[in-house]
Amino acid sequence: MDEIIIKIENLKRDFLVGSETVRALRGVSFELKKGEFLTIMGASGSGKSTLLNILGCLDKPTSGNYFLDGVHMASLSKNDLARLRNHKIGFVFQSFNLLPRTSALENVELPLLYNSKVSSKERKERALEALKAVDLIDRMGHTPSQLSGGQQQRVAIARALVNDPVMILADEATGNLDSKTSYEVMDLFQSLNQKGKTIVFVTHEPDIATLSKRTITLRDGHIIKDSPVENQKLAKWFLENLPVNGD
């Protein structure tokens, strides 16, 4: 648990909007250890999306250092970053981002198509294993239109797991789901974390943050709070205590 997966040092990110410079991140520093479950919170414009894009190697900081699994991201080429994203980071998005005319199994296989070392047989086996981990093996032949929102998000989580990444980045992964389905998805994230997966979860919902182990709160590009979640709640408790209509 002491192995550091992420090390961020004085990270800054500026954007030029017309003639004005917008300072999205203003010197962010923190570390994340293997096996942590971190939520990043903040209002719109606080910098959390910018930070997530940098953590996912989709954007680069204006200044500062970012180490992922011991590797300095600034030292990598675009091709190296693409390979690293595919092998070390699993992404889960608010909008699921599944291919509409493709089965759940084929959607989960997608990240492995870019790995020439994985045979078609192994690709299918690993995708089946990932679907089994999210309890969707019986829906492997279904397309997204044949699945509920919660099931689609589970497929997206299985896709994030299939490459056995060092961490999972989730961007408002419960944002398009109702309360009951949100807690079901968070129960799955808690289960994955208990099995050792490192998770970074961006949310604006305080009740979702209580289901993690640590929360960083951003405001105007600064970390204003970084603290463990006291008395971490279990998603199962919320599910058991929801009103019958799930509201």
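The values are calculated or read from the model by the stated rules, or taken from the named source; none is laboratory data. Model, not experiment: these values are computed from the prediction. With ideal geometry, Cβ positions are generated from the backbone for all residues, glycine too; neighbour counts draw on all protein chains shown.
Can you tell me which condition TYR114 does not meet? The list is (1) surrounded by fewer than 19 Cβ atoms within 10 Å (Cβ to Cβ); (2) modelled with pLDDT of 95 or more; (3) touching a helix residue (DSSP H, G or I) at 6+ places or on another chain (Cβ under 9 Å), and all the others hold.
TYR114 satisfies every listed condition except (2).
If you check ILE208 against the conditions, is it under 14 Å from the mean Cα position of the chain (by Cα), assigned to a strand (DSSP E or B) and either surrounded by 12 or more Cβ atoms within 10 Å (Cβ to Cβ) or among the hydroxyl-bearing types (Ser, Thr, Tyr) (or both)? Walk me through it before giving the result.
Details: under 14 Å from the mean Cα position of the chain (by Cα): yes; assigned to a strand (DSSP E or B): no; either surrounded by 12 or more Cβ atoms within 10 Å (Cβ to Cβ) or among the hydroxyl-bearing types (Ser, Thr, Tyr) (or both): yes.
No.
Within the set of pairs 6 or more residues apart or between chains, which connect a residue that is more than 15 Å from LEU38 (Cα to Cα) inside segment 224-237 to a residue that is at pLDDT 90 or above and of a type in the set (Phe, Trp, Tyr) with Cβ atoms less than 9 Å apart?
Cβ pairs passing all conditions: ALA235/TYR183; ALA235/PHE189; LYS236/TYR183; TRP237/TYR183.
Restricting attention to segment 155-205, and to residues there that are among the β-branched types (Val, Ile, Thr) and over 10 Å from the mean Cα position of the chain (by Cα), which single residue is nearest to SER44 (Cα to Cα)?
Per the stated criteria, the residue is THR203.
Do you know which of the residues in segment 45-79 that are touching a helix residue (DSSP H, G or I) at 6+ places or on another chain (Cβ under 9 Å) and in a helix (DSSP H, G or I) is nearest to LEU218 (Cα to Cα)?
So the residue we want is ILE54.
Quickly run through segment 93-148 and pick out the residues that are of a type in the set (A, V, I, L, M, F, W, C) and on the phi > 0 side of the Ramachandran plot.
Hit for segment 93-148 is PHE96, nothing else.
If a residue must be closer than 15 Å to VAL22 by Cβ and charged (D, E, K, R), how many such residues does segment 50-67 contain?
The total comes to 1.
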